[in-house]
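Just so you know, all these numbers are worked out from the coordinates, no wet-lab data involved. Predicted model, so just to flag it, every value in this text is computed and none were measured.
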C-alpha cells in the first residue's frame, strides 16, 4: 500500500505514523536509532507490506499491470489501493479525508527532524501538492503513476498504466474491497501485539 493507507493504518498514533511513513527510507540497523514507538511503526509498515503482497486480491490486481510493467505491477497497485481508500465511503468523506490529510502533514512536520533526509525531501512535495487528498481523483492518481515512473529504473512511461487503471476500474475496486476487509483488522491486531502499546489505540 501507499502513503494514505499506511497513514490510516497507524490508528492516530503519532509515533506509529512517523515510523509507518518513513519505513521505506530506513535501512538496516538504522531502525534502532528511533524510539520504540517509531520502531513499532516501521515494523508495522513492513508487516502490512508482506500481508499486502501475499493477499489473493493483490495477486489478482497485479495481473492488470503485469504484462506492461512486470515487477513494478505491485507498486502501481499500492497507488491504486490508496485511490479506492480515499473514495471509500466507509472510511472517508471528502471533508474528512481533507482533515485527515492535514493532521498527517502536521504530525510529520512536527517530527521532520527525526526523519531520514530523503524522506524529508520527499515530504516537502507530498505536503505542497497534497498527495494524500489527491489520491481521491483520477488526475491525482495519474500524477502518482508518473511520479512512480520517474523514480523507477526500468520503465519510462505511465500513460499505459492510466489506461489500464481506467479500463479495469471495477475489477480493481473489487480487489481493493476484498483486500481492505482483511488488512484493517490485521494491522490493528499487529499493533496490539506490540508490547506495552496494546490498549491505547483509537480505532
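For residue 192 and residue 50 in one chain, what is 0.36 nm times their gap in residues minus the Cα-Cα distance, to one decimal in nm? Write down the numbers at each step before the final one.
Working: separation 142, 0.36 × 142 = 51.12 nm, distance 1.78 nm.
The residue 192-residue 50 span can extend by a further 49.3 nm.
Over every Cα atom in the chain, the radius of gyration and the widest Cα-Cα span, Dmax, amount to 16.3, 47 Å. So what's the angle, to the nearest 10 degrees on a 0 to 90 scale, between helix 117-129 and the longest Cα principal axis of the chain? On a 0 to 90 degree scale, this one is about 60.
Rounded to two decimal places and with Rh computed the Kirkwood way over Cα pairs, what is Rg over Rh for the stretch 1-71?
Details: Rg = 13.9 Å, Rh = 13.0 Å.
Radius of gyration relative to Kirkwood radius: 1.07.
Per the Debye formula with a single identical scatterer at each Cα and no solvent contribution, what log10 I(q)/I(0) holds for the stretch 65-152 at q = 0.19, 0.20, 0.23 Å⁻¹? Each listed q corresponds, in turn, to -0.96, -1.03, -1.19. Based on C-alpha pairs under 8 angstrom that are at least 6 apart in sequence, the chain has a relative contact order of 29 percent. In whole Å, how far is the Cα centre of the stretch 1-48 from that of the stretch 85-117? After rounding, the separation between the Cα centres reads 14 Å.
Hey, what's the per residue convex hull volume over the C-alpha atoms of the stretch 83-203, in cubic angstrom? Don't skip to the end; give the middle numbers.
On the way: hull volume 18.6 nm³, N = 121.
Dividing the Cα hull volume of the stretch 83-203 by its residues yields 154 Å³.
Relative to the longest principal axis of the Cα atoms of the chain, the long axis of helix 73-86 makes an angle of roughly 70 degrees. For the chain, the mean residue ellipticity at 222 nm estimated from helices alone is -22500 deg cm²/dmol, where every DSSP H run of n ≥ 4 contributes -39500 (n - 2.57) and the total is divided by all residues, rounded to the nearest 500.
Between helix 169-193 and the chain there is an angle of about 10 degrees, using the helix long axis and the longest principal axis of the Cα atoms.
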